[in-house]
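K.L.:
Please find one structure pasted underneath; my questions will follow.
The values are calculated or read from the model by the stated rules, or taken from the named source; none is laboratory data. In this text the structure is predicted, and so the values were computed from the model without any measurement. Positions of Cβ are generated from backbone atoms using ideal geometry, with glycine treated the same way; all protein chains shown enter the neighbour counts. To get the accessible areas, we keep the full protein, side chains included, count just its heavy atoms, and leave off ligands, DNA and RNA. Shrake-Rupley method; radii C 1.70, N 1.55, O 1.52, S 1.80 Å.
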Amino acid sequence: MLAIILAAIVVVAGVGAWRWSHNRPPYGPGALAITSSLTFVSFAEAQTALGEHAPAPLASGHDQLVLGQVSWQPPPKPLDGGRFVVFLIDKRTNRKPAELVATASQEAVSLGSAGVENRIAERYSWLRGAGDVKVGENEWRSSGNRLGVSDEKATPLTFVARFPYLEKPDREPTIATAPVAMADLLLALVYMGPDGQVYWAQRLQG
């Protein structure tokens, strides 16, 4: 009986140690010396910043374009299946823009969202906008998009986000819309592991 109890203790301790090491960040944000910037731009300025291989989002009327850049130094270890995730969020509504264009290749940077990113919103109250948006009593919807970086060499990462102006929306939009002020915007970089572990989140702007 004692042997069984001791074996159970060893198993529990082993599982705990594995979970600790599995969720432990390989390094912190300080190792990356991250820098960032956000600015409002015209369509022409956005296209110049993105270059000829990345068409800038079309904007008309009262639409707004925001040019962002996030840079980091080479990390101590490669991502190896993990990823950096860049979020641009309207803090007033916790919504993300639907349209983001980045200079990096699609192999290095992806546009979209993933259910696993709800873990970010659960862990960090200031990043509630990273997760889905509640639109009904028991209904949640994906809110806009973010940039997922699978190649640690994709730096500096330059991108343009479009905030469309909706004259009279039929219902509350689930994406970030114009007008926004720079003080309304939150820019964050999150490091996630290959199994969806949330290693850390770093507030960059806002």
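K.L.:
When the Karplus curve 6.51 cos²θ - 1.76 cosθ + 1.60 is applied with θ = phi - 60°, which whole-Hz ³J(HN,Hα) does each residue of the stretch 105-112 get, with x for Gly and Pro?
P.N.:
So the Karplus estimates, Gly and Pro as x, are 5, 5, 5, 9, 10, 10, 10, x Hz.
K.L.:
Measure out, as a whole number of angstrom, how far apart the alpha-carbon centroids of the stretch 180-198 and the stretch 137-173 sit.
P.N.:
11 Å
K.L.:
Along the charge dipole of the chain, pointing to its positive end and built from +1/-1 on Cβ of Lys, Arg, Asp and Glu, which listed residue (Val86, Ala176, Gly51) has its Cα farthest out?
P.N.:
About the Cα centre, the residue reaching furthest to the positive side is Val86.
K.L.:
Rounding to the nearest 10 and keeping the result within 0 to 90°, find how far the Cα-based axis of helix 2-23 lies from the longest principal axis of the chain.
P.N.:
Orientation of helix 2-23: about 20 degrees from the principal axis.
K.L.:
With +1 on each Lys and Arg Cβ and -1 on each Asp and Glu Cβ, and nothing else charged, work out how big the dipole of the chain is about its Cα centre, in Debye to the nearest 20.
P.N.:
Values: 19 positive and 19 negative charges, 126 e Å.
The calculation lands at about 600 debye.
K.L.:
A further question follows. Counting only heavy atoms of protein chains, what accessible area per residue, in Å², does the chain have with a probe of 1.4 Å? Display every interim value, and only then the final one.
P.N.:
Working: 11070 Å² over 206 residues.
Heavy-atom accessible area per residue stands at 54 Å².
K.L.:
For a quick check: with amide H placed at 1.01 Å from N, whose amide H comes under 5 Å from Gly206's, ignoring anything fewer than 5 positions away on the same chain?
P.N.:
Leu187
K.L.:
In whole Hz, what ³J(HN,Hα) sequence does the stretch 77-93 give by Karplus (6.51, -1.76, 1.60; θ = phi - 60°), x for Gly and Pro?
P.N.:
Using θ = phi - 60°, the values come out as 9, x, 5, 6, x, x, 7, 8, 10, 9, 10, 10, 10, 7, 5, 5, 10 Hz.
K.L.:
Quick check: residue separation of His62 and Phe43 times 0.36 nm, minus the Cα distance between them. What number comes out in nm?
P.N.:
Net length gain for the segment: 5.6 nm.
K.L.:
Right, here's the next one. Please label the shape of the stretch 116-191 as rounded, prolate or oblate, based on the square roots a ≥ b ≥ c of the eigenvalues of the alpha-carbon gyration tensor (a/c under 1.5 means rounded; beyond that, a/b larger than b/c means prolate, else oblate).
P.N.:
Oblate, because a/c is 1.5 or more while a/b does not exceed b/c.
K.L.:
Please report, as a whole percent, how much of the solvent-accessible surface of the chain comes from carbon and sulfur atoms (probe radius 1.4 Å).
P.N.:
54 percent
K.L.:
What are the residues whose amide H is under 5 Å from the amide H of Ala104, where those residues sit 5 or more places off or on another chain and H is modelled from the backbone?
P.N.:
Thr158
K.L.:
Could you go through the stretch 54-70 in sequence order and give the Karplus-derived ³J(HN,Hα) for each residue, using 6.51 cos²θ - 1.76 cosθ + 1.60 with θ = phi - 60°, rounded to whole Hz, and x for Gly and Pro?
P.N.:
Karplus-based 3J(HN,Hα) across the stretch 54-70 equals 9, x, 5, x, 6, 9, 9, x, 9, 4, 10, 10, 10, 9, x, 9, 10 Hz.
K.L.:
Which FRET efficiency, nearest 0.05, do Met182 and Asn138 yield, Cβ-Cβ r, R0 35 Å?
P.N.:
Calculated value: 0.50.
K.L.:
Okay, next question. List residues of the stretch 107-123, by number, whose backbone nitrogen lies under 19 Å from a label position 7 Å along Cα→C-beta of Glu172.
P.N.:
121-122
K.L.:
Would you please state which residues of the stretch 60-93 a label at Tyr27 would reach in this model, taking the label point 7 Å out along Cα→Cβ and a backbone N cut-off of under 19 Å?
P.N.:
Label zone hits: 70-86.
K.L.:
Ok, one more. Using Cα-Cα distances under 8 Å and only pairs 6 or more residues apart, what relative contact order does the chain have, in percent?
P.N.:
Taking the mean separation of contacting Cα pairs over the length of the chain, I get 28 percent.
K.L.:
Is the shape of the stretch 26-179 best called rounded, prolate or oblate, per the rule: a/c under 1.5 gives rounded, else a/b larger than b/c gives prolate, else oblate, with a ≥ b ≥ c the square roots of the Cα gyration tensor eigenvalues? Can you show the working numbers first?
P.N.:
Details: a/c = 2.09, a/b = 1.16, b/c = 1.80.
The shape class here is oblate.
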